[in-house]
Amino acid sequence: MKTINTLLIEGKSLLKDSVDTPDLDASLLLADALGCSRTQLLRAVSESVSEESEIIYKNALERRLSGECVAYIVGYKEFWGLRLAVNSAVLTPRPDTETLVEATLAVADANDARSCLDLCAGSGAVAIALKHERPHLVVTGSDISKSAVDVARANAEAHHVYVQWIESDLFDRIEGCFDIIVSNPPYIPTSMIAGLAPEVRKEPRLALDGGADGLDIIKKIIVEAKTRLNQGGALLMEADPRQMPAVTELLRENTYQAIRTYKDLSGCERAIGGIYKWQVL
Ligand SMILES: C[S@@+](CC[C@H](N)C(=O)[O-])C[C@H]1O[C@@H](n2cnc3c(N)ncnc32)[C@H](O)[C@@H]1O
C-alpha cells in the first residue's frame, strides 16, 4: 500500500504538463477518494491508502487528464462557503461570482429589498447564497435548462433554504415584479468559445455562449427587467471586465440610474448594476 504522500507526488507528476494547478488538483482528488477534507489529507501524508481508494484516485486522475474539471469529477464545488452539487448540466460556480453576491447583498440592504429574482441560475449558486445570507428575502431562481433547475432545487434543499424555482427562457414563465433582479448570464462571445480551456469547453454551451458580442442575453435582460422591477428596483449582472463600457452604455440608454461596477478580488470590474425608476406621468 502506498502512502498519501507518494500518491500525491505521483498525481502531481501525472498532471503537471496538462493542468495549471497539479498539486491542488491531485490533493482534491485524493481527498475525495478517501472521503476526507483536503486539510485532513495534508495532515496525514504518511498514512497508507487502501488499494480500493488508490483505484478511485487513479480513475479520477485519468478523468482530470482528459480535460474534465475537478468539480465535475468530485461532484461538488464550494461557493460562498456552501458546498454545491454540480454535474455536466450546470456551469461550475466561479469564485468571481461571489462579487455579484456581495454587490447584491449591499444593494438589497441599502434599499430594504424584499424580493429577488436570480435569472440564469444554473446550479443555484447566487440565489442560494443570497437566501442563505438574507433569509427574509423572497428569492426566485430560474433557468432555461430543466436539468439545471433540478440541480439548483436539490442544492437549495440540501442547504435548507427555500427558493422558488422556475424553468423559463428569461422572463417568459415568470410572474410579477421584484425589488432586485440579479443574473450571471452566458456572456462569452461565440467566436471565443473554441479557444477556451478544454475543461471550460466541457461545460454546457448554453451556460457560456452569449452570441456574437457576448451581450445577447445581457441586452434582453436590461430591456425586459424594466417591466419586471418594482419602482426603484435594482438590476445587477456579472459580465466580462472588457464588456463593462458596453454594458454601462446599454444601461444608460435604457435609463437606469446610479449605474456602477463592482470589482472582484483581483481588481477587475466583474459585476455591474443600476436602479430603474418608472417615469410617473
Ligand atoms: C454562466 S451560467 C451561470 C450559472 C450560475 N448563475 C452561476 O453563477 O454559477 C448561465 C446560465 O444561464 C442559463 N441560460 C442560458 N440562456 C438562458 C435563457 N435564455 N433563459 C434562462 N436561462 C438561460 C444556462 O442554462 C446557464 O445555467
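For the range 218-231, indicate whether the set of residues that are touching a residue at least 60 places away in the same chain (Cβ under 8 Å), open to solvent by less than 60 Å² (accessible area, probe 1.4 Å), part of a helix (DSSP H, G or I) and out of contact with any Lys or Arg (no Cβ under 8 Å at 6 or more places or on another chain) is non-empty. First the steps, then the outcome.
In the first step, residues of the range 218-231 are kept if they are touching a residue at least 60 places away in the same chain (Cβ under 8 Å); the result is 221, 228, 230.
Imposing the further condition that a residue be open to solvent by less than 60 Å² (accessible area, probe 1.4 Å) reduces the set to 221, 228, 230.
Of the ones still in play, those that are also part of a helix (DSSP H, G or I) are 221.
Those left that are additionally out of contact with any Lys or Arg (no Cβ under 8 Å at 6 or more places or on another chain): 221.
Taking every residue of the range 218-231 in turn, at least one turns out to be touching a residue at least 60 places away in the same chain (Cβ under 8 Å), open to solvent by less than 60 Å² (accessible area, probe 1.4 Å), part of a helix (DSSP H, G or I) and out of contact with any Lys or Arg (no Cβ under 8 Å at 6 or more places or on another chain).
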Of the numbered conditions (1) open to solvent by 10 Å² or more (accessible area, probe 1.4 Å); (2) under 21 Å from GLY273 (Cα atoms); (3) away from the ligand (no atom under 12 Å from the Cβ); (4) in contact (Cβ under 8 Å) with a residue 60 or more places away in the chain, ALA108 satisfies every one except a single condition; which is it?
(1)
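With the range 122-189 as the region, which strands (runs of 3 or more DSSP E) entirely inside it contain at least 2 residues that are near the ligand (Cβ under 10 Å from one of its atoms), at pLDDT 95 or above and of a type outside the set (Asp, Glu)? Show your work before the answer.
Details: elements: 138-143, 164-167, 178-183.
Strands (runs of 3 or more DSSP E) meeting the threshold: 138-143, 178-183.
Just to verify a result, which residue in the range 201-217, among those that are in a helix (DSSP H, G or I) and within 11 Å of the ligand (Cβ to nearest atom), is surrounded by the fewest Cβ atoms within 10 Å (Cβ to Cβ)? Break it down into steps so the answer makes sense when it comes.
Step one: of the range 201-217, the residues in a helix (DSSP H, G or I) are 201, 205-208, 216-217.
Imposing the further condition that a residue be within 11 Å of the ligand (Cβ to nearest atom) reduces the set to 205-208, 216-217.
Details: ARG205: 11, LEU206: 16, ALA207: 22, LEU208: 19, ASP216: 17, ILE217: 20.
Filtering the range 201-217 for residues that are in a helix (DSSP H, G or I) and within 11 Å of the ligand (Cβ to nearest atom), the one surrounded by the fewest Cβ atoms within 10 Å (Cβ to Cβ) comes out as ARG205.
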Condition broken by TYR72, with the remaining ones in (1) at pLDDT below 95; (2) open to solvent by less than 70 Å² (accessible area, probe 1.4 Å) satisfied:
(1)
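Given the range 1-54, what helices (runs of 4 or more DSSP H) lie entirely inside it while holding 3 or more residues that are closer than 21 Å to GLY75 by Cα and open to solvent by 50 Å² or more (accessible area, probe 1.4 Å)?
Counting at least 3 such residues, we get 22-34, 38-42.
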Do we have ALA197 as small (Gly, Ala, Ser) and surrounded by 15 or more Cβ atoms within 10 Å (Cβ to Cβ) here?
no
What are the residue pairs meeting all of these: first residue in the range 73-101, first residue without any contact (Cβ under 8 Å) to a residue 40 or more places away in the chain, second residue within 12 Å of the ligand (Cβ to nearest atom) and in a strand (DSSP E or B), Cβ atoms under 6 Å, and 6 or more apart or on different chains?
PRO93/LYS77; PRO93/PHE79
Does any residue in the range 38-58 that is among the acidic types (Asp, Glu) come within less than 8 Å, Cβ to Cβ, of a residue that is part of a helix (DSSP H, G or I) six or more places away or on a different chain, and which pairs are these?
GLU47/ILE4; GLU54/LEU7; GLU54/ALA33
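The values are calculated or read from the model by the stated rules, or taken from the named source; none is laboratory data. Quick caveat: nothing in here was measured; it's all calculated off a predicted structure. Cβ: placed from backbone, ideal geometry, glycine included. Neighbour counts: every protein chain shown. The protein model used for the area step is the full one, side chains on, heavy atoms only, and it has no ligands, DNA or RNA in it. Shrake-Rupley method; radii C 1.70, N 1.55, O 1.52, S 1.80 Å.
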